[in-house]
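Note sheet for the following structure.
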Amino acid sequence: QGENFLTNNDVRQLDRSYVFHSWSAQGNLNPLVIAGAKGCQLWDYDGKKYLDFSSQLVNVNIGYQHPKVLAAMKAQLEELVTIAPATANLARGEAAKRIVELAPAGFHKVFFTNAGADANENAIRMARLYTGRDKVLSAYRSYHGNTGSAIAATGDWRRVPNEYSRGHVHFFNPYLYRSEFNATNEQEECARALQHLRRIIECEGPASIAAILLESIPGTAGILVPPAGYMKGVRALADEFGIVLILDEVMAGFGRTGRWFAFEHDDVVPDLITFAKGVNAGYVPAGGVLISEAISHYFDDHFFAGGLTYSGHPLAMAAIVATLDAMKEENVVENAALVGDGALRAGLNALSEKYALVGEVRGVGVFQALELVTNPETKTPVAAADMAAIKLALTEAGLLSFVVENRIHVVPPCTVTADEVKQGLAIIDQVLGQFSGLVR
Ligand code: PLP
């Protein structure tokens, strides 16, 4: 019965017999088997070890099996494992208080959800109720989650087969390496992207636009750090036209960029902040909306038409409290900045010097990406089949990676050490060497 008697093959067979997987045709899947994990390391049933440079779906910010978080979850299990959202619960109050205290001045309350998608869903609903307007503007290069409004707000290809709801309009966000605006430097990219957004607002009719929804640093879209001044410019446009600014911190928040929130790098303050993932490192599903004072007070005497059975589930809340406390006690956010902007970024820069395959390195903290091209002049992306082979080679060499399109997103847990960074970079170096012949 015990896991000692299991092999990878047993677990894979069980999965393939009964489990239906996300974002896939089901026919030829070969999922990686994981038996256990600790810190930044994972292992399978056959004794193979992996170093995690993916944080799974960029959510295990505090690493695996953190003892303080596990202890808090066990204590909560013994005390009260479930209770409805309408009750007042200690863990829920403590979690909300901590999140509000991390936010900029003027943030007031937290509405808890089960994950990131429904955080965006409810933030959009709040913005619509608050403004009495309908449309939501969001970026083509974005991912906001897989529920009704969240997937319609998403910019990437996953929107297209799911696009049933109305009221969503998309714009191009800045991405100098592949500029949509023929820009040759960051200032031009910034100014032209803001002018493009202004024109979209004017043409859509400002009085019909409830919200601009934007990832503070678009993550799955390629870790597209916005140029200096862009976020401030978006804030100014939202103010000029009375539009609610929602910043999606689901992937970038809670330490990933070396700050608690990624928008802190841009010195802007949104009206609503959505979060999930890193808030409790995914130990129990949880997300939420951080609500600014004006919107929070609006709902003092206006009905909020929204709710979820598991909003503020005590086990998820206990995991939030313990995660945030441990992150503070152990300087996890500072570590993400120190190791991410230090050893990790220096190593990635060195790989980009060494291999023409690396078209661009970008990112901040432990939120970095290598964009791979077969020709640095034409910036031709490495083909999907070759990227799949690169991912497989990384995995076989013992490194878990987050590969999207022609990019390796380098996103280890925020607790990663300089030594682990060295090990991971050595594997990436070896694999890029193996594939350097793709450059023509
Ligand atoms: N927003 C962003 C920026 C994300 O990266 C994701 C997931 O990757 C989501 C929202 C959706 O979160 P969830 O999958 O928890 O619903």
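Coordinate-derived values only; no laboratory data. Every value quoted in this text rests on a predicted model; they were computed, and no experiment measured them. Cβ: placed from backbone, ideal geometry, glycine included. Neighbour counts: every protein chain shown.
Listing for the model above:
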{"item": "Packing-based ranking, highest mean first, of 288-296, 196-204 given that Cβ atoms within 10 Å are counted", "result": "288-296, 196-204"}
{"item": "Furthest towards positive pole of dipole, P227, S311, G255, structure part segment 68-329, Cβ charges", "result": "S311"}
{"item": "Of all DSSP beta bridges in segment 68-329, antiparallel share, percent nearest 5", "result": "40 percent"}
{"item": "Relative contact order, percent, the chain [alpha-carbon distance under 8 Å, six or more residues apart]", "result": "20 percent"}
{"item": "Over 31 Å (Cα to Cα) - which of K74/K328; K109/K328; K277/K391; K135/K232; K38/K232; K49/K97 fall in this group", "result": "K38/K232; K49/K97"}
{"item": "Computed magnitude of the charge dipole of segment 130-271 (debye, nearest 20; Cβ of K, R +1, Cβ of D, E -1)", "result": "300 debye"}
{"item": "Whole-number percent relative contact order across segment 301-440, with pairs defined as alpha carbons under 8 Å at least 6 apart", "result": "24 percent"}
{"item": "Charge dipole (the chain, unit charges on Cβ, about Cα centre) - positive-most of L272, N162, T131", "result": "N162"}
{"item": "Cross-link reach list, aspartates and glutamates versus K422, counting only Cα pairs under 18 Å and skipping chain neighbours closer than eight places", "result": "D52, D341, E353, E396"}
{"item": "Fluctuation leader among Q41, Q76, Q13 - the chain, Gaussian network, Cα springs under 10 angstrom", "result": "Q13"}
{"item": "Cα-centre dipole for segment 68-329 with unit charges at Cβ (Lys and Arg positive, Asp and Glu negative), debye to 20", "result": "400 debye"}
{"item": "Residue with peak Gaussian network fluctuation, the chain [Cα springs, cutoff 10 Å], from V421, V160, V382", "result": "V160"}
{"item": "For the chain, built as a Gaussian network whose Cα springs stay under 10 Å, the top-fluctuating residue of A71, A91, A153", "result": "A71"}
{"item": "Stretchable slack from F304 to L6, in nm (0.36 nm times residue separation minus alpha-carbon distance)", "result": "102.3 nm"}
{"item": "The chain - share of DSSP beta bridges that are antiparallel (%, nearest 5)", "result": "65 percent"}
{"item": "Net charge dipole size for the chain [Lys, Arg +1 and Asp, Glu -1 on Cβ; Debye, nearest 20]", "result": "520 debye"}
{"item": "Computed over segment 1-71: relative contact order in percent, which uses C-alpha pairs under 8 Å that are six or more apart", "result": "26 percent"}
